[in-house]
Amino acid sequence: HLAPFGHVGFFADQQMHWTWLRSLVETRTDARVLNLFAYTGGSSVMAALGGAHVTHVDAAKSSVNGARRNAERSGLGDAPIRWIAEDAMQYVERELRRGSKYDVIVLDPPTFGRGPKGQTWKIERDLPALMQAVAELLSEDPIAVLLTGHTPGYSAAVLRNLMHPVGLAHGGRMESGDMVQEATASTHVLPGGVYCRWMADPTG
């Protein structure tokens, strides 16, 4: 649905990652996926369709409720998805203390945001520490990490640098670039942000 500030209810630029995410989790029985800053749940739905156990985290309760409705409308009302309205950094820190682990972690952090209890998120201050925590939160046999961004000044190269703690801890490989929407009536493309994907080395 349309929002007063121009959102349409999901981020179409993410669709290039959705089939990729689903195909990855289909290779692992009961893969554990953590979706942070998860909005209305496109990635959560696709991971669940691939058979994953999903934890969906967003600071806005309205977005979490919308994501739950989207899952139900996609035939996933009984799927193993945990719906959590919480500040992303606080949730990750608590999971680290618990010793929880995830095989796939998806992040689409905003430039600025507020948590449900008044916490503030500033990407330039908080994202480096979050990526370090993400590296620690991955399982011993991880699959992938997806980091996307829409903040001015945050290029694909910057996201690769931010992903460095994951590669340092787990090896693997990275790919990065622009997220675009192709126009059906012309050869033009609409820029939608940048991404960096980290993937484990399939050969181990």
Volume per residue (Å³) of the convex hull spanned by the alpha carbons of the stretch 30-129 is 92 Å³
Those trypsin sites (Lys or Arg not before Pro) from the stretch 101-145 that are DSSP loop and have at most 15 other Cβ neighbours within 10 Å turn out to be Lys117
Highest GNM mean-square fluctuation among Pro191, Pro80, Pro110, for the chain with Cα springs under 10 Å, belongs to Pro191
For the chain, the per residue accessible area (1.4 Å probe, Å²) is 51 Å²
Among the stretch 117-137, those whose backbone N falls under 12 Å of a label point 7 Å along Cα→Cβ from Arg94 are 117
Diffusion coefficient in µm²/s returned for the stretch 95-168 by Stokes-Einstein, Kirkwood Rh over C-alpha pairs, 25 °C and 0.890 mPa s, is 186 µm²/s
Over the stretch 83-138, the quotient of the Cα radius of gyration and 2.2 N^0.38 Å is 1.10
Scoring the stretch 1-96 by relative contact order with C-alpha pairs under 8 Å, at least six apart, yields a percentage of 24 percent
Surrounding charge for Asp13, neighbours by C-beta under 12 angstrom, Lys/Arg +1, Asp/Glu -1, total -3
Mean-square fluctuation maximum in Gaussian network of the chain, Cα pairs under 10 Å, restricted to Asp126, Asp87, Asp108, hits Asp126
The stretch 141-170 and the stretch 1-71 have their Cα centres apart by a whole-number Å value of 19 Å
Of the convex hull drawn through the C-alpha atoms of the stretch 64-204, the volume per residue in Å³ is 164 Å³
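Carbon-plus-sulfur fraction of the accessible area of the chain, 1.4 Å probe, in percent?
Carbon and sulfur together cover 53 percent of it.
If I stretch the segment between Glu175 and Gln119 completely, what's the gain in nm (0.36 nm per residue apart, minus their alpha carbon distance), one decimal?
So the chain would gain 17.0 nm between Glu175 and Gln119.
The values are calculated or read from the model by the stated rules, or taken from the named source; none is laboratory data. Bear in mind that the values here come from a model prediction, so they are computed numbers and not experimental data. When we count neighbours, we look across all protein chains shown, and the Cβ atoms used for this are built from the backbone with ideal geometry, even at glycine. What goes into the accessible areas is simple: the full protein's heavy atoms, side chains included, and nothing from ligands, DNA or RNA. Shrake-Rupley method; radii C 1.70, N 1.55, O 1.52, S 1.80 Å.
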